[in-house]
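The values are calculated or read from the model by the stated rules, or taken from the named source; none is laboratory data. A quick note: this is a predicted structure, and the numbers were derived from the prediction, not measured. Positions of Cβ are generated from backbone atoms using ideal geometry, with glycine treated the same way; all protein chains shown enter the neighbour counts. With ligands, DNA and RNA removed, areas are computed over all heavy atoms of the protein, side chains included. Shrake-Rupley method; radii C 1.70, N 1.55, O 1.52, S 1.80 Å.
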Amino acid sequence: MNLTIRARLTLLYFIVLAASFVAFFWICDFGFRRSIEITVNDASRTNLERVRAVIEKALPGGIPKVGRELTELADLWASGALFEVAGPDGQWIFRSPRFEKPQAPFPELVSPEISFLTTNLDLLQYRIARQKIALGGHTFQIDAAVPTEPFDQALDNFRLIEKEFLPLLVILASLLGYWLAGRALAPVNRIIASAEGIGVLNLCRRLEVPKAKDELRRLTETLNAMLGRIESSVKRITQFTADASHDLRTPLSLIRTNAELALRRKRSEEDYRGSLARILTISEETSELIEDLLTLARADAGAAQLKGQSLDLRPILVKVVHHARFLAFAKGLSFSEHLPFETVPIFADSALIERLLLSILDNAVKYTPIGGRVAVCASAEERFVTIEIEDTGIGITESDLPHIFERFFRADQARSREIRGSGLGLSIARWIAEMHQGSIEVTSRVGRGSSFRVRLPLTPLLPDRAPSLAEPHPAPLGV
């Protein structure tokens, strides 16, 4: 059975309240009965002491005088108290009329201490205090009784009130609890109504924050923060889809255009070979773009895994430096490197580290004009190895610097120079660094060049999972 929170709270309130009332009335009933017992015991004990005092006072005049004094005492009591006294020979010196009615015999007294019992005398219930006393060399047995009926009636009246008012009190309190639960959950219903009205098309809307500084306010603020993250993610996904579509449409259009031009009329073998060469080049670039997109998709899905192993970073540095030197010389740039002579032990995926460094070096060569310089410097510190890649290229503006690791982001200066590229390389580079528990930092000045610093731990631990490029922390990646 599915109950609403309001119904469950009311049911719980009903159960707790009913149990509390039952426990309260039981305690009251127990206390009432205990108080009655103490009261009638004290009253019967007091009567027994008075009878004892009369016997002690009248005993010097003989047993007959004791009987007369006890008769006078019985006449004076108008409270319904009864007593009986047996003399030394076991014969009754005095007995109240109710004691004379046929009844079961009382237990024999074996102790001089006062004992109590409850019994019926002529169909009425009495509490009897009993004691054997020794006075003047004689032993007397005294039974002093007080009626319990007034107390029993009071207890019965109390129990009647319990039976009549306990259910009513529980029901009324439960209805009040149901109303209070509704008042308390009213903000939750407003939150639900507001949340139901928020969709993909209006993610900019936010929930109304309650004025009271309580858990509901914290819940609303948390939901609003979550909506903000969702809105940001949806915007990045939308932008990612648009950019990916644009970057895929352009090479496909070029391939189609070259093919249509080649087929429009007969051409020489050289023209055909030129068209096919252009189509091949564009296809290779498109394949690289698709591979980058697949890498990002696997990263977002958490399917990308680090194939780590203990290795020496120097051979990887030598390999990527050799490749970058070739690209720099081909463009007319000067190139320099400073690599460590000692072993640089790291735990890494060699293919990914190579891709990370080549991506940064490729950008350095692309964005450095002819005559410029590219330099690579690697140094091992206590716990990290730092690879710094500097260039004297066009630089990055301050406004663009926070966004260069976002997907498909390309600075306006780069676009104006029509430098080809997908804008995914640096996003993938940062993801690779973070997979290895490393980092990438960049400083740049427009017209002076840029400096990228890659830090990798010398003794890293394999992470539980690869960080996703979709995560906004530690750096926005523009999904």
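Tabulated values for the structure
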| quantity | calculated |
| --- | --- |
| In degrees, nearest ten, helix 350-366 long axis to first principal axis of the chain (Cα) | 50 |
| Along the chain, longest interval not containing exposed GluC sites (Glu not before Pro), exposed being DSSP loop plus at most 10 other Cβ atoms within 10 Å | 114-341 |
| Share of carbon and sulfur in the accessible heavy-atom surface of the chain [1.4 Å probe, %] | 59 |
| Within straight-line cross-link reach of Lys65, lysines at Cα separation under 21 Å, skipping those fewer than 8 residues along the same chain | Lys57, Lys132 |
| Mean Cα-pair separation over length for the chain, i.e. relative contact order, pairs under 8 Å, 6 or more apart, % | 11 |
| Hits among lysines - C-alpha to C-alpha of Lys319 under 21 Å, sequence gap 8 or more where chains match | Lys307, Lys331, Lys366 |
| Gyration tensor (alpha-carbon) shape descriptor, the stretch 276-390, a/c threshold 1.5 | oblate |
| Folded to 0 to 90 degrees: helix 5-58 orientation relative to the chain principal axis, Cα | 20 |
| Restricting the stretch 269-357 to trypsin sites (Lys or Arg not before Pro) in coil, as DSSP defines it, with at most 11 other Cβ within 10 Å | Lys307 |
| In sequence order, calculated HN-Hα J values of the stretch 316-329 (Karplus, 6.51, -1.76, 1.60; Hz; x Gly/Pro) | 5, 4, 4, 5, 5, 5, 4, 5, 5, 4, 4, 5, 5, 5 |
| Normalised per residue, the volume of the convex hull around the Cα set of the stretch 108-216 (Å³) | 247 |
| Length gained when the stretch Glu196-Leu180 is fully extended (0.36 nm per residue, less Cα-Cα span) | 3.3 nm |
| Computed over the stretch 134-252: relative contact order in percent, which uses C-alpha pairs under 8 Å that are six or more apart | 15 |
| Nearest 10 degrees, 0 to 90: helix 149-196 Cα axis against the chain principal axis | 10 |
| Counting all C-alpha pairs of the stretch 9-102, share separated by more than 14 Å (%) | 75 |
| The stretch 65-125: C-alpha gyration tensor shape, a/c 1.5 cut-off, then a/b vs b/c | oblate |
| Shape call, the stretch 206-313: gyration tensor on alpha carbons, a/c limit 1.5 | oblate |
| Loop sites in the stretch 291-372: chymotrypsin sites (Phe, Trp or Tyr not before Pro), DSSP, at most 10 other Cβ within 10 Å | Phe341 |
| Accessible area per residue, Å², the chain with all protein chains present, probe 1.4 Å | 59 |
| Calculated from backbone phi, Karplus (6.51, -1.76, 1.60) coupling profile of the stretch 202-214 in Hz, x at Gly/Pro | 9, 5, 6, 5, 10, 6, 6, 8, x, 6, 5, 8, 10 |
| Long-range Cα-Cα pairs in the chain (distance over 32 Å), rounded percent | 68 |
| Where Asp89, Asp312 fall by accessible area, highest first, once all protein chains stay in place (1.4 Å) | Asp89, Asp312 |
